[in-house]
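Inspection log for the structure reproduced underneath, given as structure tokens.
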Amino acid sequence: MAIGPDELIYWQWGVVKLNATIVFTWVIMVIMAGGAWLITRKVTDAPTIGRGQNMLEAIVVLVRDQIREVSKQPPDRFLPFVGTLFLFIAMSNLLNIVPGFQAPTGSLSTTTALALCVFVAVPIYGISQQGWRAYLRQYLQPSVFMLPFNIIGELSRTLALAVRLFGNVMSGTMIVGVLISIAPLFFPVIMTAFGLLTGMIQAYIFAILAMVYIASATRAHSDSAEAPGETHAGAPATTGLHSSKES
Amino acid sequence: MLIDWFTVVAQIVNFLILVWLLRRLLYGPVLRAMQAREARIAAQSAEALAAKQVAEQEAAELRRLQAQLEESRDQVLAAARQEAEERRKELVAQARRELDEARAGWYRGLQAEREAFLRELRRRLGSQLCAISRQALADLADAELEARAVALFVRRLAALEADERARLVASARKGTRPIFVRSAFPLDDAARRALEDALFAGLDKPNKLTYEQDPALLCGVEISTQDHKIAWTMADYLAALERDILEHLEGEIENGRRNGALLPAPALRVETTTPEQSHAG
């Protein structure tokens, strides 16, 4: 029994292979980029706009608002990365209801790849925001003895990010597969619809958690740079709470 | 093994490409469009705000002008009203004046008419009275009354100053005209003798007297020369009475006019003259 789209290999040459994960990722990329191109080539700043532009603007505004809310920072720096995370996962999970479609997020390779992207993006954003020393000093907080635990936390949360998304999507697919063998008519439909909801939630959680990690890496500098008693002083606690709640 | 590391690398590459693609095709254009729209809306809003301020200023200016206009209109209206009121008062006063004048004129006319009427009435009354008296005396007069009148005349002549009689006689003597003795009825000889005696008592008898009869005298005797006359006749009495009445009435009317009030017509007062007031002329 195939546990993911990775095993569905169309073409292979040595270690290089073309499996369903990569192919359907390309499909999603084509759909998203093509759709965006089709719509935004006619983009206008007129007071009246088309439906497509309206939809895209709604999505972009939604993502920006979420980023701003979580990070308490100007959102446009994080928008391409976090927004693409959300949109890619959401699109992947949405297309899961199409028969024959293999969601790339159902592959642990894909989720690992996304989690590794987050794992790398967090120090990049943090260092670009506050420099090497200030970023690395975070791992020594609150004391030097916490360094191993900070590093473990960094790794484990990346692992959790990858496995959580994979487990949710894969399990949804598995459940539908199991239910088809048991009750082929009614329950798979319900579970697919349920999987749609789960997929959206997972996309949201993944993007929000990535944002939280990046925000915590970048905001430490903002907090230390700002005068004591500023309103941002309590923000890390909020993100910590947010993170623990979502995971 | 659930993780295929080639797939992982491929997916990382795919994801980064997707990030780049969406950044170019989605986020960039959409954000630019939104910012442009926001900028334009802000510009329009600022423009609208400016236009609104201008409109408010113009509205305030218009309100000020309107208030000014209303104020001036009120002033003009008040002035016109005052002028009309003055004009009305003037017209009313003028009308009243004209009315007063007309009434006064009418009143004067009425008074004049009434005075004329009264004067005429009084004149007629006096004339009528005299005429009636004349008629009554004419009816009463006869030879007997004449004789008594002559007797009275003779007594009066005797009582007259001698100078008077002398002047009469002298004038008769001086003039060419004889002494005329007129009476209403023919005098008998006795009466003539008594008359002559009384007339020429103590004087030279100049010439013969000429006796004439004149019914117009009514009763009595008149002795006249060229420029002297001694008479006692009813006609003289009546003429004196009539003259007296008319003079009196004229005086009354003059008094009434001078007093300004239209007095009621006074009761006719006829003062009877005594024979002692006989005119000698």
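The values are calculated or read from the model by the stated rules, or taken from the named source; none is laboratory data. Worth saying up front: this structure is predicted, and the values here are computed from it rather than measured. All Cβ positions, even for glycine, are placed from backbone atoms using ideal geometry, and neighbour counts span all protein chains on display. These area figures cover heavy atoms from the full protein model, side chains too; ligands, DNA and RNA do not enter into them. Shrake-Rupley method; radii C 1.70, N 1.55, O 1.52, S 1.80 Å.
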A:Ala36: within 7 Å of chain B (Cβ to nearest Cβ), more than 28 Å from A:Gly126 (Cβ to Cβ) and either among the aromatic types (Phe, Trp, Tyr) or over 17 Å from the mean Cα position of the chain (by Cα) (or both), yes or no?
yes
State which residue is surrounded by the fewest Cβ atoms within 10 Å (Cβ to Cβ) when the search covers only the range B:213-222 and only residues that are more than 52 Å from the chain's Cα centre (by Cα) and outside any loop (DSSP other than H, G, I, E, B).
B:Gln213
Please verify whether A:Ser128 is open to solvent by less than 70 Å² (accessible area, probe 1.4 Å) and among the hydroxyl-bearing types (Ser, Thr, Tyr), treating the condition exactly as stated.
no
Residue under question is B:Glu98, and the condition is that it be away from chain A (no Cβ under 14 Å) and more than 20 Å from A:Phe88 (Cβ to Cβ); does it hold?
yes
When the range A:65-87 is checked residue by residue, the ones that are assigned to a helix (DSSP H, G or I), in contact (Cβ under 8 Å) with a residue 40 or more places away in the chain and open to solvent by 10 Å² or more (accessible area, probe 1.4 Å) are A:Gln66, A:Val70, A:Arg77, A:Phe81, A:Phe86, A:Leu87
Please verify whether the range B:235-250 includes one or more residues that are surrounded by fewer than 19 Cβ atoms within 10 Å (Cβ to Cβ), at pLDDT 80 or above and among the small types (Gly, Ala, Ser).
yes
Being in contact (Cβ under 8 Å) with a residue 60 or more places away in the chain and at negative phi is the requirement here; does B:Arg134 meet it?
yes
When both residues are 6+ apart or on different chains and their Cβ atoms are under 9 Å apart, which pairs have a first residue that lies in the range A:140-160 and is surrounded by 11 or more Cβ atoms within 10 Å (Cβ to Cβ), and a second that is outside any helix (DSSP H, G or I) and modelled with pLDDT under 90?
A:Asn150/A:Gln141; A:Arg157/A:Ser247; A:Ala160/A:Ser247
For B:Leu121, are the conditions met, namely being open to solvent by 60 Å² or more (accessible area, probe 1.4 Å), more than 14 Å from every other protein chain (Cβ to nearest Cβ), touching a residue at least 40 places away in the same chain (Cβ under 8 Å) and part of a helix (DSSP H, G or I)?
yes
Checked the range B:22-39 for anything open to solvent by 40 Å² or more (accessible area, probe 1.4 Å) and facing another protein chain (nearest Cβ under 7 Å); matches are B:Arg23
What do you reckon, is B:Ala170 under 28 Å from B:Ala138 (Cα atoms) and part of a helix (DSSP H, G or I)?
no
What about B:Arg155, is it open to solvent by 80 Å² or more (accessible area, probe 1.4 Å), within 30 Å of B:Arg192 (Cα to Cα), touching a residue at least 60 places away in the same chain (Cβ under 8 Å) and out of contact with any Ser or Thr (no Cβ under 6 Å at 6 or more places or on another chain)?
no
Could you check, for the range B:162-171, whether at least one of its residues is open to solvent by less than 60 Å² (accessible area, probe 1.4 Å) and free of Cβ contacts under 8 Å to residues at least 24 places away in the same chain?
yes
Given the criterion at pLDDT below 90 and within 13 Å of chain B (Cβ to nearest Cβ), identify the matching residue among A:Gly131, A:Gly106.
A:Gly106
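A quick yes/no check of all residues on (1) under 26 Å from A:Ala36 (Cβ atoms); (2) within 14 Å of chain A (Cβ to nearest Cβ); (3) among the basic types (Lys, Arg); (4) open to solvent by 100 Å² or more (accessible area, probe 1.4 Å):
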| residue | (1), (2), (3), (4) |
| --- | --- |
| B:Asp4 | no, yes, no, no |
| B:Thr7 | yes, yes, no, no |
| B:Trp20 | yes, yes, no, yes |
| B:Ala43 | no, yes, no, no |
| B:Lys52 | no, no, yes, yes |
| B:Ala67 | no, no, no, no |
| B:Gln75 | no, no, no, yes |
| B:Arg87 | no, no, yes, yes |
| B:Leu91 | no, no, no, no |
Just one of (1) open to solvent by 40 Å² or more (accessible area, probe 1.4 Å); (2) more than 10 Å from every other protein chain (Cβ to nearest Cβ) trips up A:Val15, so point out which.
(2)
Of the listed residues (B:Thr176, B:Thr210, B:Thr225), the one being at pLDDT below 80, among the β-branched types (Val, Ile, Thr) and open to solvent by 40 Å² or more (accessible area, probe 1.4 Å) is B:Thr176
Filter result (assigned to a helix (DSSP H, G or I) and surrounded by fewer than 11 Cβ atoms within 10 Å (Cβ to Cβ)) within the range A:161-186
A:Ser181, A:Ile182
Restricting to the range A:18-33, give me the number of residues that are more than 7 Å from chain B (Cβ to nearest Cβ), without any contact (Cβ under 8 Å) to a residue 12 or more places away in the chain and open to solvent by less than 30 Å² (accessible area, probe 1.4 Å).
0
A:Ile97, sole failed condition from (1) surrounded by 18 or more Cβ atoms within 10 Å (Cβ to Cβ); (2) closer than 20 Å to A:Val30 by Cβ:
(1)
Contact list, first residue from the range A:48-62 and under 19 Å from A:Val82 (Cβ atoms) and away from chain B (no Cβ under 11 Å), second anywhere and among the aromatic types (Phe, Trp, Tyr) and loosely packed, with under 13 Cβ neighbours inside 10 Å, beta-carbon distance below 7 Å, six or more apart or interchain, is none
The range B:93-118, subset of a type outside the set (A, V, I, L, M, F, W, C) and farther than 30 Å from B:His248 by Cβ, residue least open to solvent (accessible area, probe 1.4 Å)
B:Gly105
Residue count, the range A:39-64, condition open to solvent by 30 Å² or more (accessible area, probe 1.4 Å) and in a helix (DSSP H, G or I), comes to 9
